[in-house]
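Note sheet for the following structure.
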Amino acid sequence: MADAYMDLVGSGFGKVLAKQLGLPQPPKLRRYQSGEPIAPGPVLLLGSGATAQQLADVLLGWELDVRRHFTDNVRYGAVFLVADSFESPSELGEPALEMGRALKTLAPGARVISLSKQATEQDKPSVAAVRRGLEGFIRSVARELRGGATANGLFLGDGVDGHNASLLGAIRFFLSGKSAYVDGQFLSVEASGSTVPDVRTLNYDGASAPLAGKVAVVTGAARGIGAAIARVLHRDGAKVVVVDVPAAGDALTKVANELSGTALQLDITREDAGDVILKHALGRHGRLDIVIHNAGITRDKLLANMDQAKWDSVIAVNLESQLRMNEAFLAADLQGLRIVTLASTSGIAGNRGQTNYAASKAGLMGVVAATSPALEARGGGMNAVAPGFIETEMTAKIPVATRAVGRLLMPSLMQGGLPQDVAEAVSFLASPEASGINGQTLRVCGQSLIGA
Ligand code: NAD
């Protein structure tokens, strides 16, 4: 979508003027392009212990230039902090300060990634202190980075070491341009009972097709984020079924034709929507591996002015339809089904004028956590992606001034995201590489202040 401000401050005279006026100058994000190296420079790997050594070996196997200590005059493309063996806060200082020195010469679009354990009630207080301390550290590093660099973290579940395929899949996602608009976020990786691809078969530049042979359904795919998701799933090798309301039929057919997929005109609030989708996917393509619940609507009003129709329609489309469809998918007993739903940062922090929408989107995070175990028992799983401010027709309806604030001032990355940014996260979570990541909500928001 055209963005006059981004165009102005991004080039020539406008860039100079913006600098003189002290206006925010959004960095160019490093987005995924096939064939690009996974990291834009040498990798500095800080921390000690078995996981650090295992990871160093793996990264070398990916033909990355891995350094274990900081040296001057290197433009690092990534900095890892492996802290899963840390037991007291005193262990954090040395690698944190070493990281700090490397941040001065980071390459544009560089990545900072931590590997640690999540604090639990069973931890000794000093262990919990360093574990939680690291979270605050990484989130603050993310706010200090410039040039489109990001910082994110991975929590290692019990039995997850530096060779775990899901961990390596998540590392590849965070390292690559696919995570361009994911910033200040943590994902937990558990040892997965289901089959994950052998590390050696994971082509980290994404040129291989991680979803080859899979059939994926995307709802609300006639435009916006849904169409972008359909395109990325197709790029990643899936056969795609695109779903939207009959009124969007022409646009839907275009998307289906472009992707050699099939179109299904369906209002997802229909009682039998799940069965209609199953019948189409199994009848036309013989299987169903991935469902992306993307269709969603807003009917914004302050609660004091909210009428029943506005409330009910948002809950019906965004939440109740998904509950019904999930029941149908579970009843069909599909093996390995992975579901990703679109939540929103409004559902995390709340948003003025969006009580109905925020209730529906927060509700979805509850649905994800409560539904995933049943899918995991069948070798699948469910997660949510919570986009922040993404440039689409939905956000184009927001008043200009509010839009400028949402886009520029709130997120660390000083810009709205693109539908592609959400689509990359969705495709990753839908893939077998993410089989150790379940029941979670990943924010794709450029570290927006909304939702903290
Ligand atoms: P959009 O309005 O551009 O597209 C939504 C699509 O869903 C449309 O094609 C619409 O026809 C379809 N749809 C609506 N009701 C339907 C129904 N009953 N049955 C079938 N299809 C239906 O929206 P978008 O900006 O692309 O957002 C996609 C998803 O991402 C939504 O769930 C939205 O809540 C979520 N999201 C968007 C943003 C953002 O900044 N754009 C932020 C957070 C979350």
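The values are calculated or read from the model by the stated rules, or taken from the named source; none is laboratory data. Note that the coordinates shown come from a computational prediction; the quantities given were computed from them, not determined experimentally. As a convention, Cβ positions derive from the backbone with ideal geometry for all residues, glycine included, and neighbour counts pool all protein chains shown. When the accessible area is computed, the model is the full protein with side chains, heavy atoms only, and any ligands, DNA or RNA have been set aside. Shrake-Rupley method; radii C 1.70, N 1.55, O 1.52, S 1.80 Å.
Could you go through the range 51-60 in sequence order and give the Karplus-derived ³J(HN,Hα) for each residue, using 6.51 cos²θ - 1.76 cosθ + 1.60 with θ = phi - 60°, rounded to whole Hz, and x for Gly and Pro?
Rounded to whole hertz, the list is 4, 4, 5, 4, 5, 4, 5, 5, 5, 4.
Rg/Rh for the chain to two decimals, with Rh computed the Kirkwood way over all alpha-carbon pairs.
0.96
Treating only the Cβ of Lys, Arg, Asp and Glu as charged (+1, +1, -1, -1), what charge dipole size does the range 240-330 show about its Cα centre? Round to the nearest 20 debye.
That gives a dipole near 140 debye.
Using the charge dipole of the range 215-444 (Lys, Arg: +1 at Cβ; Asp, Glu: -1 at Cβ; taken about the Cα centre), state which of Leu282, Leu302, Leu323 has its Cα farthest towards the positive end.
Leu302
Suppose R0 equals 35 Å. What FRET efficiency, 1/(1 + (r/R0)^6) with r the Cβ-Cβ distance, do Ser48 and Arg143 give to the nearest 0.05?
With R0 = 35 Å, the Cβ-Cβ based efficiency is 0.85.
Tell me which residues come under 5 Å, amide H to amide H, from Val79 once H is placed; ignore anything under 5 positions away on its chain.
Amide H neighbours of Val79: Leu44, Arg111, Val112, Ile113.
Given Cβ point charges of +1 (Lys, Arg) and -1 (Asp, Glu) and nothing else, what value in debye, to the nearest 20, does the dipole of the range 215-444 about its Cα centre take?
With only Lys, Arg, Asp and Glu charged at Cβ, the dipole is about 400 debye.
Sorted by mean Cβ packing within 10 Å, highest first, what order do the peptides 45-53, 117-125, 223-231 take?
223-231, 45-53, 117-125
Tell me, what % of the accessible area of the range 55-192 is carbon and sulfur with a 1.4 angstrom probe?
Ligands and nucleic acids excluded, carbon and sulfur give 48 percent.
Charges at C-beta only: +1 for Lys and Arg, -1 for Asp and Glu. How large is the resulting dipole of the chain about its Cα centre, in Debye rounded to 20?
Dipole of the chain, to the nearest 20 debye: 1080 debye.
Working out 0.36 nm times the residue gap between Asp123 and Asp158, then minus their Cα-Cα distance, what length gain in nm do you get to one decimal?
In short, 11.3 nm is gained.
For Gly184, enumerate residues with amide H under 5 Å from its amide H, sequence gap 5+ or separate chain, H modeled in the peptide plane.
Ala151, Asn152
With label points built 7 Å along Cα→Cβ from the Cα atoms of Leu282 and Ala309, find their separation and express it in nm.
About 3.8 nm, to one decimal.
For Lys28, Lys301, write out the residues from largest to smallest accessible area, computed with a 1.4 angstrom probe and no ligands counted.
Output order, biggest surface exposure first: Lys28, Lys301.
Per residue of the range 383-394, in order, report the coupling 6.51 cos²θ - 1.76 cosθ + 1.60 (Karplus, θ = phi - 60°) as ³J(HN,Hα) in whole Hz, putting x for Gly and Pro.
The phi angles translate into 9, 10, 10, 10, x, x, 8, 10, 6, 9, 5, 5 Hz.
On the protein heavy atoms, probe 1.4 angstrom, tell me the percent of accessible surface of the range 215-444 carried by carbon and sulfur.
Of the solvent-accessible surface of the range 215-444, carbon and sulfur hold 54 percent.
Using θ = phi - 60° and the Karplus form 6.51 cos²θ - 1.76 cosθ + 1.60, what ³J(HN,Hα) does each residue of the range 81-89 get, whole Hz, x for Gly and Pro?
These are the phi-based 3J(HN,Hα) values: 10, 9, 10, 5, 9, 5, 10, 8, x Hz.
Report the relative contact order of the chain, percent, no decimals, based on alpha-carbon pairs under 8 angstrom and at least 6 residues apart.
15 percent
Based on the mean of other Cβ atoms within 10 Å per residue, sort peptides 293-300, 108-115 so the most packed one is first.
Result, highest mean Cβ count within 10 Å first: 108-115, 293-300.
Where a ≥ b ≥ c are the square roots of the eigenvalues of the C-alpha gyration tensor, would you call the range 306-452 rounded, which needs a/c under 1.5, or, failing that, prolate if a/b is larger than b/c, or oblate?
It is oblate, given that a/c is not under 1.5 and a/b is not larger than b/c.
If you rank Met306, Met99 by how much accessible surface each has, with a 1.4 Å probe, what is the order from largest down?
Met306, Met99
Given the options Leu252, Val66, Ala434, identify the residue whose Cα lies farthest towards the positive end of the charge dipole of the chain (+1 on Cβ of Lys, Arg; -1 on Cβ of Asp, Glu).
The residue sitting farthest along the positive end of the dipole is Leu252.
What's the ranking of 89-95, 77-83, 323-329 by average number of surrounding C-beta atoms within 10 Å, highest first?
Highest to lowest by the protection proxy: 77-83, 323-329, 89-95.
Residue farthest toward the positive end of the dipole of the range 292-449, with Cβ of Lys/Arg at +1 and Asp/Glu at -1: which of Gly363, Thr402, Gly380?
With unit charges placed on the Cβ atoms, the residue in question is Thr402.
With a sphere of radius 14 Å drawn around the Cβ of Pro125, what net charge do the other residues whose Cβ falls strictly inside it have (Lys, Arg +1; Asp, Glu -1)?
Net charge in that neighbourhood comes out at 0.
For the chain, what is the accessible area per residue in Å² when the probe is 1.4 Å?
42 Å²
With runs of 4+ DSSP H residues as the only contributors, calculate the mean residue ellipticity of the chain at 222 nm using -39,500 (n - 2.57) per run, divided by the residue total and rounded to the nearest 500.
Taken over the chain, the calculation gives -11500 deg cm²/dmol.
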